[in-house]
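Peer 1: Quick one: the structure is below, and I'll ask about it shortly.
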Amino acid sequence: MIGLAGGLYVVFRLQAATGARWEPVAVAILMIFTVGVLIVMDQRLRRSLRRVAVDERFLYVSDPSDTAEVAIPLDQIVRVTQRRGKQLRPVSVYLRSSSVAGSPVRFQPAREWGWAWKEDPVVHELRRLARLA
């Protein structure tokens, strides 16, 4: 943030000294800032993703960098949603109470060819196993 403020100060001082228009410079800085914010948000989302497996009674959750696995009973699942319309479409599993794995548990299902606005079949299967409407 300090670097951005310093860069803005230098650019605007140079602009004032040369008498050039400030609008193109401001637009370029705004675009660079926006792309930087989007990259940071994407990386934060990717770090929050978990590895999951499921059977008839439990949802098994683990961190990709850890081998420890947490078993969550399927009756603890309250809601299952999926972000749609983008390339990264994580599934969010909301629990009745927070667990060691966190709540919500987010994971990226295996990629399938299809439309980005349709829910992944994994979402429907989790809802069926958890007996959600």
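Peer 1: Is it true that ILE77 is surrounded by 10 or more Cβ atoms within 10 Å (Cβ to Cβ) and more than 30 Å from LEU8 (Cα to Cα)? Write out each step before concluding.
Peer 2: Details: surrounded by 10 or more Cβ atoms within 10 Å (Cβ to Cβ): yes; more than 30 Å from LEU8 (Cα to Cα): yes.
When the stated conditions are applied, ILE77 passes them.
Peer 1: Given the structure, is ASP42 outside the structural domain of PHE107 (by TED's automatic domain parsing), surrounded by 11 or more Cβ atoms within 10 Å (Cβ to Cβ) and closer than 19 Å to GLN108 by Cα?
Peer 2: Numbers: outside the structural domain of PHE107 (by TED's automatic domain parsing): yes; surrounded by 11 or more Cβ atoms within 10 Å (Cβ to Cβ): yes; closer than 19 Å to GLN108 by Cα: yes.
Judged against the criteria, ASP42 is a match.
Peer 1: Pick from region 83-103 the residues that are buried (at least 18 other Cβ atoms within 10 Å of the Cβ) and not aliphatic (A, V, I, L, M): which of them is modelled with the highest pLDDT? Walk me through how you get there before you give the answer.
Peer 2: Quick first cut of region 83-103, residues buried (at least 18 other Cβ atoms within 10 Å of the Cβ) only: 89-91, 93, 95, 101.
Going one step further and asking which of them are not aliphatic (A, V, I, L, M), we end up with 89-90.
Details: ARG89: 84, PRO90: 87.
Per the stated criteria, the residue is PRO90.
Peer 1: Right, something else. Take the conditions modelled with pLDDT of 80 or more, loosely packed, with under 10 Cβ neighbours inside 10 Å and either at positive phi or in contact with a Ser or Thr (Cβ under 6 Å, 6 or more places away or on another chain) (or both) and apply them to ARG131. Does it pass?
Peer 2: Values: modelled with pLDDT of 80 or more: yes; loosely packed, with under 10 Cβ neighbours inside 10 Å: yes; either at positive phi or in contact with a Ser or Thr (Cβ under 6 Å, 6 or more places away or on another chain) (or both): yes.
Yes: the conditions hold for ARG131.
Peer 1: Looking at ALA16, ALA26, which is the one that is loosely packed, with under 14 Cβ neighbours inside 10 Å, over 30 Å from ARG131 (Cβ atoms) and free of Cβ contacts under 8 Å to residues at least 24 places away in the same chain? Give the derivation first.
Peer 2: Numbers: ALA26 fails: loosely packed, with under 14 Cβ neighbours inside 10 Å.
Step by step, each of ALA16, ALA26 is checked, and only ALA16 is loosely packed, with under 14 Cβ neighbours inside 10 Å, over 30 Å from ARG131 (Cβ atoms) and free of Cβ contacts under 8 Å to residues at least 24 places away in the same chain.
Peer 1: Which one of ALA71, ALA5 is under 23 Å from GLN108 (Cα atoms) and either in the same structural domain as SER98 (by TED's automatic domain parsing) or exposed (fewer than 10 other Cβ atoms within 10 Å of the Cβ) (or both)? Before the answer, list the steps.
Peer 2: Details: ALA5 fails: under 23 Å from GLN108 (Cα atoms).
Answer to the selection: ALA71.
The values are calculated or read from the model by the stated rules, or taken from the named source; none is laboratory data. All values reported here derive from a predicted model rather than from experimental measurement. Quick reminder, even Gly has a Cβ in these numbers, built from the backbone with ideal geometry, and neighbours come from all protein chains shown.
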